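Derivation of every value follows stated rules applied to the coordinates shown; laboratory data play no part. Only a predicted model underlies this, so the values are computations on that prediction, with no experimental measurement involved.
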């Protein structure tokens with residue numbers, strides 16, 4: 001047997017947490033939000049036969065309601081950079097960020113007016129990327145591990161809410177697309193939809209296999225759940241429920257962790273005060289967005305249909321929101337100096353001891 005040399009340094013065991021020798025425990029808040037979203041959409045999937053038999057779920061009102069209920073999840077975007085920064089950002093910097101954010105959203109709204117075909121197709125692509133990377137980042141932050149975004153995982157999580165309805169529910173999806181841009185349903189050919197669906201299903205197989213090998217059984221079930229949901233539940237109801245009860249719910253949970261003022265409450269398991277704080281922070285931006293939507297729908301002489309107007313407003317807000325969330329995911333998670341959380345290191349960088 002080999003004998004260790006005197007004074008030799010023992011080999012360090014690989015760490016599964018940042019700088020620790022033991023696996024990091026999943027974040028309780030994010031684990032709870034993930035479980036709640038799984039049960040919500042799983043319950044809806046279980047009711048799919050009854051929904052189909054009763055002919056429910058096809059009304060665009062479900063879609064509009066879900067989109068509006070999920071609107072507050074992006075209402076505090078202008079505060080996030082300060083939460084994740086180790087230094088205090090002056091008020092002019094915050095105002096400048098809000099102005100740029102509003103300008104980008106306004107440009108998106110103008111794009112829907114000037115070139116609705118390109119804007120709508122671009123919005124669908126951005127939605128796939130945004131939904132997919134959001135779930136990947138959510139899992140990583142929940143488990144306190146680095147975020148590693150892959151094409152397969154992005155498509156596996158972001159593809160079902162967009163691609164599956166486009167491919168399997170043309171009779172219900174195309175009228176909604178045509179209300180926003182009459183030419184888009186014809187531009188997205190049947191062959192394109194079939195190829196996109198096959199690509200997403202292949203990505204789901206790869207992602208599920210990877211999660212099973214890593215021992216993440218519940219994560220492996222999520223892409224399967226999403227494909228089943230959007231394949232069996234009418235898209236207006238499925239998309240509305242997904243946006244409000246899955247995507248927005250998980251993002252709000254992440255935001256609660258990002259706000260440094262919530263650290264003490266969350267450490268003791270109190271979620272009520274952080275939720276009330278978030279509600280106060282999101283109230284004014286949400287009201288302003290709803291007022292802008294109402295103005296588009298009711299403005300004398302320039303009234304717009306509620307569905308395409310809602311779609312255009314939310315699509316315009318998605319562009320700066322998705323960009324800021326991508327920056328947040330790259331930057332890390334949790335306020336600076338949070339015990340057990342902290343800013344996650346960038347991929348390929350070392351954490352200083």
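The shape of segment 188-289 comes out oblate: with a ≥ b ≥ c from the C-alpha gyration tensor, a/c is at least 1.5 while a/b does not beat b/c.
For segment 34-162, the relative contact order works out to 15 percent when only alpha carbon pairs closer than 8 Å and six or more residues apart are counted. State the Cα centre-to-centre distance between segment 50-80 and segment 267-288 in whole Å. Going from one Cα centre to the other spans 20 Å. State whether segment 122-176 is rounded, prolate or oblate according to the following rule on the C-alpha gyration tensor (a ≥ b ≥ c being the square roots of its eigenvalues): a/c under 1.5 gives rounded; otherwise a/b larger than b/c gives prolate, and the remaining case gives oblate. Since a/c reaches 1.5 and a/b is larger than b/c, the shape of segment 122-176 is classed as prolate. Can you bin segment 35-331 into rounded, prolate or oblate? Criterion: square roots of the alpha carbon gyration tensor eigenvalues sorted a ≥ b ≥ c, rounded for a/c under 1.5, prolate for a/b above b/c, oblate for the rest. Oblate, because a/c is 1.5 or more while a/b does not exceed b/c.
Its relative contact order, with pairs defined as Cα atoms under 8 Å and 6+ residues apart, puts segment 35-331 at 35 percent.
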